[in-house]
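Enquirer: Can you read through this structure? Questions will come right after.
The values are calculated or read from the model by the stated rules, or taken from the named source; none is laboratory data. Source: prediction; values computed, not measured. Glycine also receives a Cβ, built like all others from the backbone with ideal geometry; neighbour counts cover every protein chain displayed.
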Amino acid sequence: MDPQPQEKPGQQALLERCLAAFVQAGTIELSLDRLAESVGISKRMLIHYFGDRETIEEGAMSLLEERLRAQFSPASFPHAASLKTAVAALWDRTTAPTSRNILLLVMDLSRRAWNGSARAKAFYAEQQRLWVALLMNFHPNRFVVEEVLQLFQGAVLACLITGDPEPGRRSLARFFSSGNGGIDKPSRSKRHR
């Protein structure tokens, strides 16, 4: 078993700045020169701290996963909220102007997954797992949760393309108002026991 490389002083703060640069650009496809310029350090020092580009990207994806997990934790929603209420709150958070570049970065990672990147596929699979786990706190039926998630993700993609969150908001509202199997009832979640 290979020992974990020891973190250098300041490496975590530098990784935070790298993630901020990726978010600002809305892509992980920054050249090392552009990344170095964005974080205010030389390309040579980036390599000194991380060894290679893949390590920077891996660290940035892990940090992004942590941030997304914290932002979308079940505890950040009202106790006994319905799935409809939770999805409406998620929609507002996800389509807020401040979230746009994070969404673009996540889409960039999804594109990498489509193109075969094992790490990007793992990132995507983990995000899907976390979304389902989150929504299961608000409705006990996994099939309903997965259907809502697919609708939600399609609406987010359309919002990214058009810049208009209202059609997605309306589609989600229609879904919930169409009487989809008691979908609007709060779940008996274990999260607040």
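Results for (1) out of contact with any Asp or Glu (no Cβ under 7 Å at 6 or more places or on another chain); (2) among the β-branched types (V, I, T); (3) surrounded by 14 or more Cβ atoms within 10 Å (Cβ to Cβ), shown as yes or no for each residue.
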| residue | (1), (2), (3) |
| --- | --- |
| Q11 | yes, no, yes |
| L15 | yes, no, yes |
| L19 | yes, no, yes |
| T27 | no, yes, yes |
| S42 | yes, no, no |
| M61 | yes, no, yes |
| T94 | yes, yes, yes |
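Enquirer: I'd like to check something: does region 51-68 contain any residue that is modelled with pLDDT of 90 or more, touching a Gly at 6+ places or on another chain (Cβ under 7 Å) and not in a loop (DSSP other than H, G, I, E, B)?
Expert: no
Enquirer: Would you check if A88 is among the hydrophobic types (A, V, I, L, M, F, W, C) and part of a helix (DSSP H, G or I)?
Expert: Spelling it out, A88 is indeed among the hydrophobic types (A, V, I, L, M, F, W, C) and part of a helix (DSSP H, G or I).
Enquirer: Determine which single condition T27 fails, assuming it passes every other condition in (1) modelled with pLDDT of 90 or more; (2) of a type outside the set (G, A, S); (3) in a helix (DSSP H, G or I); (4) not assigned by TED's automatic domain parsing to the domain that holds A155.
Expert: (3)
Enquirer: Another question about this same structure. So which residues in region 120-159 are β-branched (V, I, T) and either at pLDDT below 90 or under 17 Å from A70 (Cα atoms) (or both), if there are any at all?
Expert: Across region 120-159, the qualifying residue is only V132.
Enquirer: Let me ask something else about it. So, in region 156-178, exactly how many residues are in contact with a Phe, Trp or Tyr (Cβ under 9 Å, 6 or more places away or on another chain) and not in a helix (DSSP H, G or I)?
Expert: Of the residues in that region, 1 qualify.
Enquirer: Of A13, A81, which residue is out of contact with any strand residue (DSSP E or B) (no Cβ under 7 Å at 6 or more places or on another chain) and in the same structural domain as E147 (by TED's automatic domain parsing)?
Expert: Only one candidate passes the filter, namely A81.
Enquirer: Quick check on my filter: what residues within region 69-85 are within 20 Å of Y124 (Cβ to Cβ) and either of a type in the set (K, R) or not in a helix (DSSP H, G or I) (or both)?
Expert: The answer is R69, F72, S73.
Enquirer: If you scan region 93-119, which residues turn out to be farther than 26 Å from P74 by Cβ and either modelled with pLDDT under 85 or of a type outside the set (A, V, I, L, M) (or both)?
Expert: Those that are farther than 26 Å from P74 by Cβ and either modelled with pLDDT under 85 or of a type outside the set (A, V, I, L, M) (or both): D108, R111, R112, W114, N115, G116, S117, R119.
Enquirer: Give E16, E37 a once-over and let me know the one that is acidic (D, E), in a helix (DSSP H, G or I) and within 28 Å of L134 (Cα to Cα).
Expert: Result: E16 is the single residue among E16, E37 that is acidic (D, E), in a helix (DSSP H, G or I) and within 28 Å of L134 (Cα to Cα).
Enquirer: Give the residue that is surrounded by the fewest Cβ atoms within 10 Å (Cβ to Cβ), with candidates limited to residues of region 96-146 that are in a helix (DSSP H, G or I) and among the hydroxyl-bearing types (S, T, Y).
Expert: Among them, the one singled out is T98.
Enquirer: While we're on this one: Would you call R44 of a type in the set (K, R) and closer than 23 Å to A125 by Cβ?
Expert: Judged against the criteria, R44 is not a match.
Enquirer: If you don't mind, another one. Test of understanding: among P74, P97, which residue is within 17 Å of the chain's Cα centre (by Cα) and without any contact (Cβ under 8 Å) to a residue 12 or more places away in the chain?
Expert: P97
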